[in-house]
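Only one structure is covered here, and it is reproduced in the block below.
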Amino acid sequence: MTHPETPPGSAALDTATPEATEADTEADTGTASEEATAAAAERSPDPIDRDGVPAPEDSTPVSGARLLEREGDLAADYLETLLDITDLDGDLDMDIEGDRATVDIVGEGLTALVGSEGETLDALQELTRLAVHRETGVRSRLMLDIGGFRARRRSELRQVGGDVAGAVRETGTAKALQPMTPFERKVVHDAIAEIGGVRSESEGEEPNRFVVVHPT
């Protein structure tokens, strides 16, 4: 009996078919798995990041006025907890001045939170900034005042700056002021910038950095 000849390449085709079928099955399985994972992610109420850690409820970055408002809210929460721990009473006033958020604690008997020459206040401000930074991921320039200490100090420093500027303009001789905190130096610089015939600059190293007023 004469048998039909096997077409060239058919044996190779028959051999390759099981492998191709297995590969197709794996691809179909992988596709189905990916689709199931995607569907589960869509149904999941808690978004998951690539490391399997629940993502924040709102990961949308904020900036500008919204960021400053959030800084004020976060600072207020932190400071309210502080007041509860220290058993002190105070009202918190939040505002935005220029490019920074401000929080004022208003009340009686808050001198312990201010400290000698505002040292405790400066420390609390730094702690509050760190607490805000931990939540926002953005370096905070928030300004904290307690019992109106900074407001009074600002008024005093503006007067000092004006008096020194007047003396330097009259004598033509530069004059150095006592060491100040960054906040205090800025107040003096701002006050002197409003007066003609003089200029100011900071010299020295912290914590002994000071302002020098020069004639122009």
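The values are calculated or read from the model by the stated rules, or taken from the named source; none is laboratory data. Keep in mind that this is a model prediction, so the values were computed, not measured. Methodologically, a virtual Cβ is constructed for each residue, glycine included, from the backbone with ideal geometry; neighbour enumeration extends over all protein chains shown. Note: accessible area is taken over every heavy atom of the protein model, side chains too, but ligands, DNA and RNA are not part of it. Shrake-Rupley method; radii C 1.70, N 1.55, O 1.52, S 1.80 Å.
Please figure out what share of the DSSP beta bridges in segment 55-191 is antiparallel and state it in percent, rounded to the nearest 5.
Counting DSSP beta bridges with both partners in segment 55-191, the antiparallel share is about 65 percent.
For the pair Ala123 and Asp89, how long in nm is the line joining their label points, each one 7 Å along Cα→Cβ? Reported label-point gap for Ala123 and Asp89 is 2.6 nm. Counting protein heavy atoms only, segment 171-216 has 52 percent of its accessible area on carbon and sulfur, 1.4 angstrom probe.
Per residue, segment 57-151 exposes 60 Å² of solvent-accessible protein surface, assessed with a 1.4 angstrom probe and all protein chains in place. Taking a point 7 angstrom from the Cα of Thr171 along the C-beta vector, which residues in segment 179-216 have backbone N less than 17 Å away? Counting backbone N atoms under 17 Å from the label point, the list is 179, 198-201, 211-216. Inter-part distance, segment 196-216 to segment 66-142, computed on C-alpha centroids, equals 29 Å. Were the residues from Arg100 through Val138 laid out at 0.36 nm apart, the gain over their Cα-Cα distance would be 12.4 nm.
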